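Take a look at the structure below.
Throughout, read-outs are computed from the coordinates displayed, never taken from laboratory work. Predicted model only: the values in this text are computed from it and were never measured. Note that each Cβ is placed from the backbone with ideal geometry, even for glycine, and that neighbours are counted across all protein chains shown.
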Amino acid sequence: MNIEALKRQAAARALEEVRDGMKLGLGTGSTAKHFVDLLGEKVRAGLNVVGVPTSEATRIQAEQCGVPLTTLDEVDRLDLTVDGADEIDSALNLIKGGGGALLREKIVAAASDRMIVIADDSKWVDVLGRFPLPVELVPFGLAATRRAMAGAFAETGNSGQMVLRKDKDGHAFVTDGGHWIVDAQLGRISDAPRLAGLLTSIPGVAEHGLFIGLASLAVLAGSQGIRVIERR
Ligand SMILES: O=C[C@H](O)[C@H](O)[C@H](O)COP(=O)(O)O
């Protein structure tokens, strides 16, 4: 089975958790796109939900699919967020932000009672870090922020190159929030929860792609079928 079919299977399984009347966080990326697409089919068939998109790309897709949208200024809490990930470990800690949407994704996930992460099973890892860790930065003071990040890496026993993400024209990639992204090639991240805390405390870091303790359920689709894993 091809990888898009696996992503769609994971999205379809997550859709089974959606109930009428729910307020939903809508993730970003190629896997979340399947979820929004399938959700749109249900909405057109009469399901009553409202969504908060985690990126401009998802907002546009959801509007095209007919999913009613709201904002975190208009609703208090969300019932459920469904989103993809770049890596998932056995504690359901995640690396996210490969598509650059990590800041809004984390705000939305943190405002949700539950987060379900959906993926093909190639995203499942023993240790986070083979996928470069995206860190979203305020452009002002970039070099100082990078030095502080290097300090946080050293303090947690991590090291690796930091690469400013570029767009297809070779300019700095700009997020929906107007920030830049540095991808840290750490290989194997030691003590991800502590590193997450240290990165959060650096002035100039708008957000980082370590999602610690946010996902409550993972739905992984592979050639052997679907695995549903609950956070211990
Ligand atoms: O910024 C992007 C998001 O964190 C995505 O959820 C993540 O990159 C996974 O995307 P995909 O489902 O396309 O692999």
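A few comments on the model shown:
- At least 15 Å along the helix axis (C-alpha) and Kyte average at least 0.5, DSSP helices within the chain: none
- Counted over all Cα-Cα pairs of region 133-207, pairs farther apart than 20 Å make up 25 percent.
- Centre-to-centre separation between the Cα atoms of region 181-232 and those of region 103-130: 6 Å.
- Each of 49, 125 was scored by other Cβ atoms within 10 Å of its Cβ. Arranged with the fewest first, they read 125, 49.
- Of 189, 118, the sequence from fewest to most neighbouring Cβ atoms within 10 angstrom is 189, 118.
- Relative contact order (percent, whole number), region 133-207, Cα cutoff 8 Å, 6+ residue spacing: 47 percent
- Per the Debye calculation on region 36-80 with a single equal scatterer at every Cα and no solvent contribution, log₁₀ I(q)/I(0) for q = 0.17 Å⁻¹ amounts to -0.44.
- Modelled FRET efficiency - R0 22 Å, residue 19 with residue 231, Cβ distances, 0.05 increments: 0.60
- Taken over the chain, lysine pairs spaced eight or more positions apart, or on distinct chains, with alpha carbons under 13 Å apart number 4.
- Loop-located chymotrypsin sites (Phe, Trp or Tyr not before Pro) in region 93-174 whose Cβ has at most 11 other Cβ within 10 Å (DSSP): 140
- Over the chain, relative contact order from alpha-carbon pairs under 8 Å, at least 6 apart, %: 23 percent
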